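These notes are about the structure you will find just below.
The values are calculated or read from the model by the stated rules, or taken from the named source; none is laboratory data. Please read all numbers here as calculations on a predicted model, not as lab measurements. Please note: Cβ atoms are built from the backbone with ideal geometry, for glycine as well, and neighbour counts cover all protein chains shown.
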Amino acid sequence: MTEQMKRAMNARHTVRQFDGTSLSESEKSILRSRVDELNKEYDLSIALIESEKTPVNFMGKTLLGGKGVYSYFVLAADDRDGIDEMLGYAGSDLCLYAQMNGLNTWWMAGTFNRKYVEGFVSGKKIVSIIAVGHGKTQGAPHKSKEKDQVSKFEGEEPEWFKNGVEAALLAPTALNKQAFNITGKGNKVSLTYKSGPMSGIDKGIVKHHFELGAGKENFEWV
Ligand SMILES: Cc1cc2nc3c(=O)[nH]c(=O)nc-3n(C[C@H](O)[C@H](O)[C@H](O)COP(=O)(O)O)c2cc1C
């Protein structure tokens, strides 16, 4: 599973145009089971929604060319400390899981119709939605910062740290900011993200990627 997830990190890119076909019964069923597992493990209320109307807002449709979005995860939970990071972490798992199963994704924390989506998941904090479906293309790699711009290891850098940072650089971040900093010493790693409206979600996504790249067994977060 983890090797496949690592391959999915390289293959995943934002796709904003989908072919408009519905998810198959088996696709829905595997995605729903993953959502259920994450909700149970982290006490979240993520939902997989299929709607007749697209949740993409005017800007998403006109300026960004979003098309064919009728299936999406709503990243929701009871509001509490650290919830944005937790939903970012879980959302990242869903994107890679979808990718592993031949589907494409598009994170939308801004360009969705919040009122419309709230109608499906009420009474919870909604941090973002993620479109999921059959992309018209596979997207393209994002412009990336260099490893040295986002990380530093005190002493001789172990292979697992290097792999973790490379994985973190593949993570999607809002506006492709990659505003994170990862430092390591011995088997201790710390991750900070420049403060901003999406920093909690982004931090969770980057954390998830780093863990997959480095191998959770090799280090501890501090
Ligand atoms: C938390 C978050 C919020 C995002 N919100 C939007 C959005 O509202 N609209 C949009 O078009 N893209 C959005 N994106 C997509 C990013 O622009 C995209 O992930 C980034 O440019 C990196 O590209 P990649 O996903 O292909 O690696 C968001 C991404 C993240 C992680």
Of V121, V127, V132, which residue is within 9 Å of the ligand (Cβ to nearest atom) and either out of contact with any helix residue (DSSP H, G or I) (no Cβ under 8 Å at 6 or more places or on another chain) or closer than 29 Å to S26 by Cα (or both)? V127
Out of D84, D36, I need the residue that is outside any loop (DSSP other than H, G, I, E, B) and without any contact (Cβ under 8 Å) to a residue 40 or more places away in the chain. Which one? D36
Could you say whether any residue in segment 107-114 is assigned to a helix (DSSP H, G or I) and free of Cβ contacts under 8 Å to residues at least 24 places away in the same chain? yes
Matching residues, segment 114-148, being of a type in the set (A, V, I, L, M) and surrounded by 14 or more Cβ atoms within 10 Å (Cβ to Cβ): V117, V121, I126, V127, I129, I130, A131, V132
Given the condition hydrophobic (A, V, I, L, M, F, W, C), in a strand (DSSP E or B) and in contact with a Gly (Cβ under 8 Å, 6 or more places away or on another chain), answer yes or no: does some residue in segment 196-211 qualify? no
Can you pull out every residue in segment 97-118 that is among the aliphatic types (A, V, I, L, M), more than 10 Å from the ligand (Cβ to nearest atom) and within 21 Å of L175 (Cβ to Cβ)? V117
Return the only residue of K207, K216 being farther than 15 Å from N10 by Cα and touching a residue at least 12 places away in the same chain (Cβ under 8 Å). K207
Only residues that are within 14 Å of the ligand (Cβ to nearest atom) and assigned to a loop (DSSP other than H, G, I, E, B): list them for segment 166-193, please. L170, A171, P172, T173, K177, Q178, A179
Restricting to segment 178-220, count the residues that are under 17 Å from I83 (Cβ atoms) and within 13 Å of the chain's Cα centre (by Cα). 11
Residues D93, D79: which one is more than 16 Å from the chain's Cα centre (by Cα), of a type outside the set (S, T, Y) and farther than 16 Å from M108 by Cβ? D79
Checking the condition in contact with a strand residue (DSSP E or B) (Cβ under 9 Å, 6 or more places away or on another chain), assigned to a helix (DSSP H, G or I), within 15 Å of the ligand (Cβ to nearest atom) and not assigned by TED's automatic domain parsing to the domain that holds L212, which residue from G65, G91 passes? G91
Just one listed residue, out of E37, E50, E25, is acidic (D, E), more than 15 Å from the ligand (Cβ to nearest atom) and exposed (fewer than 12 other Cβ atoms within 10 Å of the Cβ), and it is E25
